[in-house]
1. So, in region 56-68, of the ones that are aliphatic (A, V, I, L, M) and under 13 Å from the mean Cα position of the chain (by Cα), which residue ends up surrounded by the most Cβ atoms within 10 Å (Cβ to Cβ)?
2. What is the one condition in (1) over 16 Å from residue 29 (Cα atoms); (2) touching a residue at least 24 places away in the same chain (Cβ under 8 Å); (3) open to solvent by less than 50 Å² (accessible area, probe 1.4 Å) that residue 108 does not satisfy?
3. How many of the residues making up region 69-87 are open to solvent by less than 70 Å² (accessible area, probe 1.4 Å) and either assigned to a strand (DSSP E or B) or over 18 Å from residue 15 (Cα atoms) (or both)?
4. Residue by residue through region 25-55, note down the ones that are more than 16 Å from residue 86 (Cα to Cα), open to solvent by less than 20 Å² (accessible area, probe 1.4 Å) and not in a loop (DSSP other than H, G, I, E, B).
Amino acid sequence: QVQFVESGGGLVQPGGSLRLSCAASSWIFSIYPMEWYRQAPGKQRELVAGINNGDTTYYADAVKGRFTISRDNAKKILYLQMNSLKPEDTAVYYCNRRGDPSWGQGTQVTVSS
């Protein structure tokens, strides 16, 4: 079974940075298009960033210029570098294979003074 485990969240002040990690168990992780999503309480889950198996990336307008998605296929890890964090970035962040209907636990990011 394919599983993804998110980590790296925490409490950070506005303007600060965090790097999230997503560890994959699949032996063919390198061919998966991968995405980061986030969900705030009472809100729908929204796409944050994506990266395909050729390393083409795409981002939500709200995070362009601040977040960077990347992958290390040898280590089977997906990353999300988050800079210049804002309070509105506060949410639970999830990684997933594009189109996968199941979701893991996610990792909490809280941006507050």
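1. If we filter region 56-68 for residues that are aliphatic (A, V, I, L, M), which is where we start, we get 60, 62-63.
Adding the requirement that they be under 13 Å from the mean Cα position of the chain (by Cα) leaves 60, 63.
Details: 60: 15, 63: 22.
Within region 56-68, the match that is surrounded by the most Cβ atoms within 10 Å (Cβ to Cβ) is 63.
2. Result: residue 108 passes all but (3).
3. Of the residues in region 69-87, 12 are open to solvent by less than 70 Å² (accessible area, probe 1.4 Å) and either assigned to a strand (DSSP E or B) or over 18 Å from residue 15 (Cα atoms) (or both).
4. Going residue by residue through region 25-55, those that are more than 16 Å from residue 86 (Cα to Cα) are 25-37, 41-47, 49-55.
Imposing the further condition that a residue be open to solvent by less than 20 Å² (accessible area, probe 1.4 Å) reduces the set to 26, 29, 32, 34-36, 49-51.
Selection gives 29, 34, 35, 36, 49, 50, 51.
The values are calculated or read from the model by the stated rules, or taken from the named source; none is laboratory data. Since this is a predicted model, take the numbers as computed values, not measurements. Cβ atoms come from the backbone with ideal geometry, glycine included; neighbour counts cover every protein chain shown. In case anyone asks, the SASA skips ligands and DNA or RNA and just uses the protein heavy atoms, side chains included. Shrake-Rupley method; radii C 1.70, N 1.55, O 1.52, S 1.80 Å.
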